[in-house]
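The values are calculated or read from the model by the stated rules, or taken from the named source; none is laboratory data. What you see is a predicted model; the values in this text were computed from it and never measured. Glycine also receives a Cβ, built like all others from the backbone with ideal geometry; neighbour counts cover every protein chain displayed.
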Amino acid sequence: MDKIKMTTPLVEMDGDEMTRILWQMIKDELLYPFIDLNTEYYDLGLEHRNETDDQVTIDSAEATKKYGVAVKCATITPNAARMTEYDLKEMWKSPNGTIRAILDGTVFRAPIQVKGIEPKVSCWKKPITIARHAYGDVYKGSEMKVPGPGKVELVYTAEDGTEVRELVHNFTSPGIVQGMHNINNSIESFARSCFSYAIDTKQDLWFATKDTISKKYDHTFKDIFQEVFDAEYKEKFDELGIEYFYTLIDDAVARVMRAEGGFIWACKNYDGDVMSDMISSACGSLAMMTSVLVSPQGYYEYEAAHGTVQRHYYKHLAGEETSTNSVATIFAWTGALRKRGELDGIEELMTFADKLEKATIDTIENGTMTKDLALITSLENVNAVNSEGFIKAVRATLEEML
């Protein structure tokens, strides 16, 4: 059959380690044979980020603004060990954090549910979508090691030179300190994205912080959400019969464990990072979760919610067989291709994305899967395959459907 044509490029952000290997396999086996793939390529592998002083990350985000849709491979956020391993110039910040800050969007993450992989929380009947704020907090934080006794303060200097000071701590011995920030405009964008997504998907929206302890920082999030909801969204929520409510983060965790699912749980940046991993793990695997950054300006960046699978990469380099789950990375591509098709009016591209997702799920439900799923499935007589074997099995299923 003729390959599907694309009219506008996708922004393609390549990544690191084992997910970079899977990225190429997916293109070779599941995309190139069927699509005349049109991408603007950016190498966000750690070596290239280091070579460009991380300018490539900024360039990829700006390209996403230009073309509207991006697909991203998992990338390394370096720590001290990575500094040595990759001989880095400096400890570069999270590329996801940089991209989110530039696009000013909200990350929506939801588990990919398949038959035979039942959630560990028995009452969960429907997917729980995590809406993660995509700017600031610890991801844009400034940190300092305090060498000894002394005073640490927060200082705000207004444009006219006047100062406001807030004591952080009087240190009597060495310690550590961190300053973080957020911006009202970003919080408002976060709120609007969440309320709009809830209306689009007709789901209840929960929002949770810890305003009883953080009486200014977290309380500002709470106040802005309520103000935006009351002014712009309450009437539509009432028409649809859906609910918005705020609660403390610890209460939200308790409620989630008793809920049936089918709602959106909005979280601050770090909370969303952690809770999305909890939801995905409970639903089977970190590699069984979709993730899309949605900007209020209409930019979309699709990615897998997990990391670079470092342990498998070292096995791969040693010539050992791996069985790495590529489902979330496949779904990153299908999400981006579907959105590109939607924006460009290419029905064939949208249909292909749907069929590739179905082929992926059908492959698992028919008993062929990677080892992480084979260990937890309720299906019998499963065929546990290696990384490449799973992708080739999906291709065989897809070819039958096409």
When only residues in segment 229-272 that are among the hydrophobic types (A, V, I, L, M, F, W, C) and touching a Cys at 6+ places or on another chain (Cβ under 9 Å) count, which is surrounded by the most Cβ atoms within 10 Å (Cβ to Cβ)? 266
Go through (1) part of a loop (DSSP other than H, G, I, E, B); (2) out of contact with any strand residue (DSSP E or B) (no Cβ under 7 Å at 6 or more places or on another chain) for residue 83 and report which single condition fails. (1)
Mind checking which helices (runs of 4 or more DSSP H) fall wholly inside segment 211-312 and carry at least 2 residues that are at pLDDT below 95 and of a type in the set (Asp, Glu)? 269-282
If we ask which residues in segment 160-187 are surrounded by 16 or more Cβ atoms within 10 Å (Cβ to Cβ) and either in the same structural domain as residue 270 (by TED's automatic domain parsing) or within 19 Å of residue 216 (Cβ to Cβ) (or both), their number turns out to be 3
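Sort out which residues of segment 115-159 are among the small types (Gly, Ala, Ser), assigned to a strand (DSSP E or B) and closer than 26 Å to residue 222 by Cβ, and write them in order of number. Give the steps one after another, and end with the answer.
Just the residues of segment 115-159 that are among the small types (Gly, Ala, Ser), to begin with: 116, 122, 131, 134, 136, 141-142, 148, 150, 158.
From what is left, the residues that are assigned to a strand (DSSP E or B) are 131, 142, 150.
Across segment 115-159, the qualifying residues are 131, 142.
If you go through segment 346-378, how many residues are assigned to a helix (DSSP H, G or I) and of a type in the set (Val, Ile, Thr)?
Residues of segment 346-378 that are assigned to a helix (DSSP H, G or I), as a first pass: 347-365, 371-374.
Filter once more, keeping what is of a type in the set (Val, Ile, Thr): 351, 360-361, 363-364.
Number satisfying all stated conditions: 5.
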Given (1) touching a Pro at 6+ places or on another chain (Cβ under 6 Å); (2) surrounded by fewer than 15 Cβ atoms within 10 Å (Cβ to Cβ), where does residue 110 come up short, assuming only one miss? (2)
Would you point out the residue of segment 114-145, among those that are more than 18 Å from residue 191 (Cα to Cα) and polar (S, T, N, Q), that is surrounded by the fewest Cβ atoms within 10 Å (Cβ to Cβ)? 122
For the list (1) surrounded by 21 or more Cβ atoms within 10 Å (Cβ to Cβ); (2) among the polar types (S, T, N, Q); (3) farther than 26 Å from residue 13 by Cβ, I need the number of the one condition that residue 377 fails. (1)
Kindly establish whether residue 304 is within 30 Å of residue 5 (Cα to Cα) and either outside the structural domain of residue 363 (by TED's automatic domain parsing) or among the small types (Gly, Ala, Ser) (or both). yes
Subset of segment 313-322, residues in a loop (DSSP other than H, G, I, E, B) and either of a type in the set (Ser, Thr, Tyr) or farther than 21 Å from residue 385 by Cα (or both), comes to 322
Please state which one of 63, 74, 70 is within 21 Å of the chain's Cα centre (by Cα) and assigned to a strand (DSSP E or B). 70
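How many of the residues making up segment 339-348 are free of Cβ contacts under 8 Å to residues at least 60 places away in the same chain, surrounded by 21 or more Cβ atoms within 10 Å (Cβ to Cβ) and either within 20 Å of residue 74 (Cα to Cα) or touching a Gly at 6+ places or on another chain (Cβ under 9 Å) (or both)? Steps first, answer last, please.
First, pick out the residues of segment 339-348 that are free of Cβ contacts under 8 Å to residues at least 60 places away in the same chain: 341-342, 345, 347.
Next cut, surrounded by 21 or more Cβ atoms within 10 Å (Cβ to Cβ) only: 341.
Those left that are additionally either within 20 Å of residue 74 (Cα to Cα) or touching a Gly at 6+ places or on another chain (Cβ under 9 Å) (or both): none.
Residues in segment 339-348 being free of Cβ contacts under 8 Å to residues at least 60 places away in the same chain, surrounded by 21 or more Cβ atoms within 10 Å (Cβ to Cβ) and either within 20 Å of residue 74 (Cα to Cα) or touching a Gly at 6+ places or on another chain (Cβ under 9 Å) (or both): 0 in total.
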Consider residue 131 against the criteria (1) under 30 Å from residue 204 (Cα atoms); (2) without any contact (Cβ under 8 Å) to a residue 12 or more places away in the chain: it satisfies all of them except one. Which criterion is unmet? (2)
Is there a residue in segment 75-88 that is closer than 17 Å to residue 336 by Cβ and at pLDDT 90 or above? yes
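For segment 274-285, enumerate the residues that are more than 18 Å from residue 246 (Cβ to Cβ) and surrounded by 21 or more Cβ atoms within 10 Å (Cβ to Cβ).
So the first thing to find is which residues in segment 274-285 are more than 18 Å from residue 246 (Cβ to Cβ), and the list is 274, 276-285.
Hits for segment 274-285 are 276, 279, 280, 283, 284, 285.
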Failed condition for residue 1, given (1) under 28 Å from residue 142 (Cβ atoms); (2) in a loop (DSSP other than H, G, I, E, B); (3) not hydroxyl-bearing (Ser, Thr, Tyr): (1)
Say we look at segment 4-43 and pick out the residues that are basic (Lys, Arg) and not in a strand (DSSP E or B); which of these is farthest from residue 399 (Cα to Cα)? 20
Within segment 31-55, of all residues that are crowded, with 16+ Cβ neighbours inside 10 Å and in contact (Cβ under 8 Å) with a residue 60 or more places away in the chain, the one nearest to residue 349 (Cα to Cα) is 35
